[in-house]
Amino acid sequence: MEIKKGIAVSPGISIGKSLIIDSEDYRIPRRSIRPSHRMAEIQRVRNAFTEAISELTQLEEAQDQTEGSRIKDIFAVHLRFLRDRSLRRKITDLIHAESVTAEYAVSTTLRQIATHFRNVKDAYITERAADIYDIERRLLRQLLGRRREDVEHLSEEVVIVARELSPTQTAGFNREYVKGLATDAGGRTSHTAIVARSLGIPAVVALEDLTEIVGGGDVVIIDGNRGIVIVNPDEETVRQYEEYSREFAELEHKLDAIKGEPAVTRDGVIITLLGNIEFPEEAGVVLEKGGDGIGLYRTEFLYLNSPSEPTEEEHYEAYAETVRVFKHRPVVIRTVDLGADKYTQSKRFAPEPNPFLGLRSIRFCLQNLTMFKTQLRAILRASLLGEVQVMFPLITNLQELMQAKFILRDVMEDLDEESIEYNKNIRIGIMIETPAAALTASTLARDVHFFSIGTNDLTQYTLAVDRGNELVSTLYSSADPAVLRLMRMVIQDAHKAQIDVAVCGEMASEPEYIMFLLGMGIRTLSLTPPMIPETKQIIRSVTIEECNNLARKILAMNSERQISSFLRNAARKILPEAF
Ligand code: PEP
Ligand code: MG
């Protein structure tokens, strides 16, 4: 049994057999074969070794003329392993004894050896573990060739273990079979984490070297509440987790019971709880969880999930489907936020050295006007169906906002000329996600109907910490005083200008921040749908006065640690079962 600590990004517990998708997309489930097929599998292992040896010999020879001896030495070490008969025998013995596939036998045997090396207290031998993984990959490449199986065609329940997953990959998982996710990379607000949360799949990220420890088919527990992953748990641990999982399900059930109740504080202040969605189908989940509308529709997923750029009709249909669910309630459609970690499938953008500081979001739209206008036309047409609002992401200065509004007006004129109707008074908002926007909020407020604070990016850009990079994930925290002070500034400026201000970053989905946000004057939260009931329960348990006191204390604190622990303790008192 091995226990790994990462970052909990999507709540819930799952226990299941692992399916590994490594960086090269190999998945090695445990597959049994008929005993009569064992010789054929053993022959495949032999062929894979022969091919790998020949490939490596050629590489080694090529090194003679080019690079120095260091690389040649590495190849020599790999060749020695591959020529070692006892290694091959271990693999073929496993096929004989357990009637499993060649891939599974290769992966399991080599990972066992690597784990053994990693545990030896000798730096030289520990480092050899990396060579073993290399050899594993080389052999798997030979074995799998074009036979990589598609994760979309699963037929049994699995928990996915991967070095990293893209938001699109995650969104494509079949929820019926994919019961949990664990990745080496990622951070709390990486888009993959966000997608896992909205799909309701328990997930833990930033596990650093989990993929090196887990073998395909190993039993894995994913504790998406505490950020723990347990590989090959003993019986007692499985029993404890099964019980914990039952308790957690009971809490969810209990909370679901209040979904029809209003989100009102004990002293009668009504809070609007909206949902964040990536796909129109999720609007139904928001409604079911007791949400009052959609506060953030991440429309770029329309692009990420399709082989070609969506047409105006496709945009319109997606928006119409969402609005149908919330006919007389707000549906805030955010214009596409492509770029950074959300590239289109065609990868037609040249790689940027710093994609999060590059051509993303509104900047990308302002340089791709045809695409931008197509979306705006669809949003405007859909505005007739309900309370549609439009929101521009990643605004950093007034000029950008003016440009975006100018294009919107242009599209309105086009529609007028074509006698196509739309809501002429559509509400326009911007996301406050950069320190630049926060610091100039009083200016920006004059030209919009509302702000929505995107705490994920605001934290990233304020602290200069990549939100998806596990190497700096401990530095990423929205509880940092710098982030909170910028937020206070934005909220105060919005109040002064008498415009609405909401929070739609993940902060609004985290129970510990709710009291603080109310205390800062926030009355609209937009959050991941599964967290709506819990958030409502917190709101219904507190008074605004309590929240004001808490916010005052927090804003006087200077350390992130102190703030985090204070917030956690306060929330734990209100909803102990959730912690
Ligand atoms: C944010 O940055 O807080 C936000 C809500 O937008 P996204 O997570 O899609 O970048
Ligand atoms: Mg953002």
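The values are calculated or read from the model by the stated rules, or taken from the named source; none is laboratory data. Since we're looking at a predicted model, the values are computed, not measured. Every residue, glycine among them, receives a Cβ derived from its backbone with ideal geometry; neighbour counts consider all protein chains shown. To get the accessible areas, we keep the full protein, side chains included, count just its heavy atoms, and leave off ligands, DNA and RNA. Shrake-Rupley method; radii C 1.70, N 1.55, O 1.52, S 1.80 Å.
D73 exposes around 90 Å² of accessible area when a 1.4 Å probe is run over every protein chain in place.
Accessible surface of the chain, 1.4 Å probe: 49 percent of it comes from carbon and sulfur atoms. Which values of log₁₀ I(q)/I(0), to two decimal places, follow from the Debye formula for region 35-145 at q = 0.14, 0.16, 0.22, 0.23 Å⁻¹ with a uniform point scatterer at every Cα? Listed by q, the Debye log ratios stand at -0.58, -0.74, -1.19, -1.26.
Projected onto their three principal axes, the Cα atoms of region 423-491 cover extents of 47, 23, 15 Å, largest first.
Which FRET efficiency, nearest 0.05, do D234 and R446 yield, Cβ-Cβ r, R0 51 Å? Efficiency computed from Cβ-Cβ geometry: 0.25. The residues of the chain have, on average, 44 Å² of accessible surface per residue, using a 1.4 Å probe with all protein chains present. Over region 375-508, with a single point scatterer placed on each C-alpha, what log10 of the ratio I(q)/I(0) does the Debye formula yield at q = 0.15 1/Å? Rounded to two decimals, the profile gives -0.74.
Its DSSP H runs of at least 4 residues, each contributing -39,500 (n - 2.57), put the calculated 222 nm mean residue ellipticity of the chain at -15000 deg cm²/dmol, to the nearest 500. Dimensions of the chain based on its C-alpha atoms, expressed as ranges along the principal axes with the largest first, amount to 77, 55, 45 Å.
What the Cβ-Cβ distance of L359 and T50 gives, at R0 = 60 Å and to the nearest 0.05, is a FRET efficiency of 0.80.
Take every DSSP beta bridge with both residues inside the chain and express the antiparallel ones as a percent of the total, to the nearest 5. If we restrict to bridges inside the chain, about 30 percent are antiparallel. The simple Förster model, with R0 at 22 Å and r as the Cβ-Cβ distance, assigns D84 and N119 a FRET efficiency of 0.65. Projecting the Cα positions of N548, F173, G386 onto the charge dipole of the chain (unit charges on Cβ atoms of Lys, Arg, Asp and Glu, taken about the Cα centre) puts N548 furthest along the positive direction. Taking 1.002 mPa s as the viscosity and 20 °C as the temperature, the Stokes-Einstein diffusion coefficient of region 258-578 based on its alpha-carbon Kirkwood radius rounds to 107 µm²/s. Think of each Lys and Arg Cβ as +1 and each Asp and Glu Cβ as -1; about the Cα centre, that makes the dipole of region 35-145 roughly 380 debye.
Computed on protein heavy atoms with a 1.4 Å probe, the accessible areas place F81, F326 in the order F81, F326, largest first. In this Cβ point-charge picture (+1 for Lys and Arg, -1 for Asp and Glu), the chain has a dipole of about 780 debye about its Cα centre.
Rounded to the nearest 20 debye, the dipole magnitude of region 258-578 is 1040 debye, with +1 charges on Lys and Arg beta carbons, -1 on Asp and Glu beta carbons, and the Cα centre as origin. Compactness ratio for region 454-495: Cα radius of gyration over 2.2 N^0.38 Å (N = residue count) comes to 1.21.
Based on alpha carbons, the Rg and Dmax found for region 244-296 are 13.0, 36 Å. The order of the peptides 402-409, 529-536 by mean Cβ neighbours within 10 Å, most packed first, is 529-536, 402-409.
Among DSSP beta bridges whose residues both lie in region 98-244, state the antiparallel percentage, nearest 5. Counting DSSP beta bridges with both partners in region 98-244, the antiparallel share is about 35 percent. The heavy atoms of R226 offer some 110 square angstrom of accessible surface to a 1.4 angstrom probe.
Taking the charge dipole of the chain about its Cα centre, with +1 at Lys and Arg Cβ atoms and -1 at Asp and Glu Cβ atoms, the residue from Y476, T459, A445 reaching farthest to the positive side is Y476.
Accessible-area rank, largest first, for F450, F117: F117, F450, with all protein chains present and a 1.4 angstrom probe.
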